[in-house]
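See structure below.
The values are calculated or read from the model by the stated rules, or taken from the named source; none is laboratory data. It should be emphasised that the depicted structure is a prediction, and the values quoted were computed from it without experimental measurement. Cβ coordinates were reconstructed from backbone atoms using ideal geometry, including for glycine residues, and neighbour counts include every protein chain displayed. Note: areas computed on protein heavy atoms with side chains; ligands, DNA, RNA excluded. Shrake-Rupley method; radii C 1.70, N 1.55, O 1.52, S 1.80 Å.
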Amino acid sequence: LNASISEAGSELLVKGSHNIGVAMDTPHGLLVPNIKDVGSLTLLQVAQELSRLQADAAAGKLSIPDLKGGTFTLSNIGNLGGTYTGPVINLPEIAIAGLGKTRPVPRYDEAGALVRQSIMQVSWSADHRVVDGAMMARFSNAWIGYLEKPATMLLTL
């Protein structure tokens, strides 16, 4: 999922680093700055860079490099109260995730008892010239597993 299609549509361009775009609702409209090379950063560094990007976006101080070079975008409509979305791919990227509001719902546990559980809807869009539904489903399942058990994600960093 860390690739794009060339402008001519004839080449798959695989990216060397993961630059994760974060859609932000700002006083200047929707902007998508990205955290560069997340694979080389600690979780604390990712959080610090996200805070910097949020502050710069709110102040209208994002630079062109902050807005260019993204490879995958996360769009959170949950902070606005939304639950479902049809995320639009931020070209030339090939995929995007739309995150909905986390809300409590009734579910049954393994023993059949009714329990309260938090659920967040995640919507995906992908460029089917590159990504098929099975690949997106496998990615989604891995991603959900990391969200449900963050310690598992930490073990793979």
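Structure data summary
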| read-out | value |
| --- | --- |
| Selection status of LEU44, open to solvent by 60 Å² or more (accessible area, probe 1.4 Å), under 16 Å from GLY70 (Cβ atoms) and not in a loop (DSSP other than H, G, I, E, B) | no |
| Single match in GLY9, GLY21, GLY70, GLY82 (criterion: open to solvent by less than 70 Å² (accessible area, probe 1.4 Å), part of a loop (DSSP other than H, G, I, E, B) and at pLDDT 90 or above) | GLY70 |
| Restricting the range 17-35 to residues that are of a type in the set (Gly, Ala, Ser) and touching an Asp or Glu at 6+ places or on another chain (Cβ under 9 Å), the residue that is nearest to ALA126 (Cα to Cα) | GLY21 |
| Residue selected from the range 104-155 under the condition within 23 Å of GLU93 (Cβ to Cβ) and of a type in the set (Ser, Thr, Tyr), by the criterion most open to solvent (accessible area, probe 1.4 Å) | TYR146 |
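Condition check ((1) more than 15 Å from THR26 (Cβ to Cβ); (2) out of contact with any Gly (no Cβ under 6 Å at 6 or more places or on another chain); (3) in contact (Cβ under 8 Å) with a residue 40 or more places away in the chain) across all residues:
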residue	(1), (2), (3)
LEU53	no, yes, no
ALA57	no, yes, no
LYS68	yes, yes, no
SER75	no, no, yes
